[in-house]
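Let me begin by presenting the structure, written as structure tokens, before commenting on it.
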Amino acid sequence: MIDLSSIATELQLPPEQLRVAVELLSQGYQPPFISSFRSDESGNLPESTLWRLKGILERQAALVAAQKKGLDEIDSSSHKIPGLDKAIQEARS
């Protein structure tokens, strides 16, 4: 799940300005294409901001994958540590 509000805070932009760009990046479009051919739709974000946004989305996706892996390993483990699953779910990096 994409945390658009935290991305907007990091980039110091309103979330609504990022929505279309996030969707286009999630569909596999690259920042140069978006800034050249979809700039009206994407809020005229500069290519440098689109690259930063792409990196943030990749970090968020990696975090979600790591959390899932950690939770799956906890579920299959016979040694449970109280609160570990909650800590993994709340991790932000």
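The values are calculated or read from the model by the stated rules, or taken from the named source; none is laboratory data. All values reported here derive from a predicted model rather than from experimental measurement. Heads up, the Cβs are rebuilt from the backbone with ideal geometry, glycines too, and the neighbour counts pull from every protein chain shown. What goes into the accessible areas is simple: the full protein's heavy atoms, side chains included, and nothing from ligands, DNA or RNA. Shrake-Rupley method; radii C 1.70, N 1.55, O 1.52, S 1.80 Å.
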- Query: So which residues in segment 25-63 are surrounded by 14 or more Cβ atoms within 10 Å (Cβ to Cβ) and within 27 Å of Ile88 (Cα to Cα)?
  - Reply: Leu25, Arg52, Leu53, Lys54, Ile56, Leu57, Gln60, Leu63
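Being charged (D, E, K, R) and either over 25 Å from Ala66 (Cβ atoms) or in contact (Cβ under 8 Å) with a residue 12 or more places away in the chain (or both) is the filter here; which residues of segment 1-33 pass it?
Correct list: Asp3, Glu10, Glu16, Arg19.
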- Are there any pairs with C-beta distances below 6 angstrom linking a residue in segment 34-45 that is without any contact (Cβ under 8 Å) to a residue 24 or more places away in the chain to a residue that is surrounded by fewer than 16 Cβ atoms within 10 Å (Cβ to Cβ), with the two at least 6 apart or on different chains, and if so which? Ser35/Glu47
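The rows are residues; the columns are (1) touching a strand residue (DSSP E or B) at 6+ places or on another chain (Cβ under 7 Å); (2) over 29 Å from Lys86 (Cα atoms); (3) not small (Gly, Ala, Ser).
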| site | (1), (2), (3) |
| --- | --- |
| Ala8 | no, no, no |
| Leu13 | no, yes, yes |
| Ala21 | no, yes, no |
| Ser36 | no, yes, no |
| Gly43 | no, yes, no |
| Trp51 | no, yes, yes |
| Lys54 | no, no, yes |
| Leu63 | no, no, yes |
- Message: Taking the condition of being open to solvent by 20 Å² or more (accessible area, probe 1.4 Å) and assigned to a helix (DSSP H, G or I), how many residues in segment 12-24 meet it?
- Response: 6
- Can you pull out the residues in segment 16-37 that are at pLDDT below 95 and more than 16 Å from Leu57 (Cβ to Cβ)? Glu16
